[in-house]
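Each reported figure results from applying straightforward, stated rules to the coordinates on display, with no laboratory input. Predicted model, so just to flag it, every value in this text is computed and none were measured. Using ideal geometry, Cβ is built from the backbone for each residue, glycine included, and neighbour counts are taken over all protein chains shown.
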Amino acid sequence: MGAIGEPKQAKLFYGIISSNEEIKQKSFDILKEKFGEIDLTSDAMPFDFSGYYNSEMGANLKRFWISFRKLISAADLAEIKVFTNSIEDSFAVDNKRKINIDPGYITPANVILATTKDYSHRIYLKKGIYGEVTAIYQKNGYIKLPWSYPDYLSPVAVEFLLKARTALMYELRRK
C-alpha cells in the first residue's frame, strides 16, 4: 500500500485570451499581487482556433500564456480558478467577459487545466471546478491527447510550456 502524502509543488500558469490591452494589464496587476512575480510570458498569437469566444468577447482576440516564479500546491487549483473567474467577472460588461483567464499547472509529467465544465475525461476537484490533463510530457516534448485544445499544442504554447517545465525542474532540484 502506498503512503498518503502531500501533493508535490507545481508551476502555476495562465492561458489568457483578450483583445483589450488595458484589461490585460490590470489583470496582470491583480494576478501579481496574489501570486507574486511573473517569470515567463509567451508571445501573443491570434486566437483563431475557434470562434467560441467571439460572440462574448469580440474579434481580434489574442492568446498568450504567463507563469509565476513561486510554485503552488496542486491542491489549490480549484480556489485559483474561482479567483480568476472573479477577475473575469470584474471586467465584464453586460455579462460579457472581456478577458478569459484559465489557470493550470505544470508538473514534470503533465499539464493540468482547471475548468467549470464537466466532461468524460475531467475529474471533479471542488467548488464546481474540474481538472483536466491537457497534455503529457514525453521524450522532450508534449504529446496530444484526444481532447487537447489545438492552441495548447501550437508552437507558441509548446515553447512556453517547455520553458516553464524547465524552470519548474530547476526549482524542484533546488529544494
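Per-structure values
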item	result
Relative contact order of segment 84-138, pairs being alpha-carbon contacts under 8 Å that are 6 or more residues apart, as %	26 percent
Lys/Arg +1, Asp/Glu -1 at C-beta; the chain dipole; positive extreme among Y152, N100, F28	Y152
Residue-count net charge about F91 - beta-carbon cut-off 11 Å; Lys, Arg +1, Asp, Glu -1	+2
Restricting segment 1-63 to GluC sites (Glu not before Pro) in coil, as DSSP defines it, with at most 15 other Cβ within 10 Å	E37
Amide hydrogen neighbours beyond the local backbone of F47, cut-off 5 Å, H modeled	L61, K62, R63
Mean separation of Cα contacts under 8 Å (6+ apart) over length of the chain, as relative contact order %	25 percent
Cα gyration tensor category, rounded, prolate or oblate, for segment 26-125 with a/c compared to 1.5	rounded
Unit charges on C-beta of K, R, D, E only; dipole of the chain, Debye	580 debye
Lys/Arg +1, Asp/Glu -1 at C-beta; segment 9-174 dipole; positive extreme among S18, P46, I66	I66
Interatomic Cα distance distribution for the chain, bins of 10 angstrom, percent	9, 38, 40, 11, 2, 0
Amide H contacts of T134 (H built 1.01 Å from N, under 5 Å, at least 5 apart or other chain)	V111, I112, L113
Pairs from K34/K126; K32/K139; K81/K139; K24/K163; K34/K62; K26/K139 whose Cα-Cα separation, in the structure shown, is over 28 Å	K32/K139; K81/K139; K26/K139
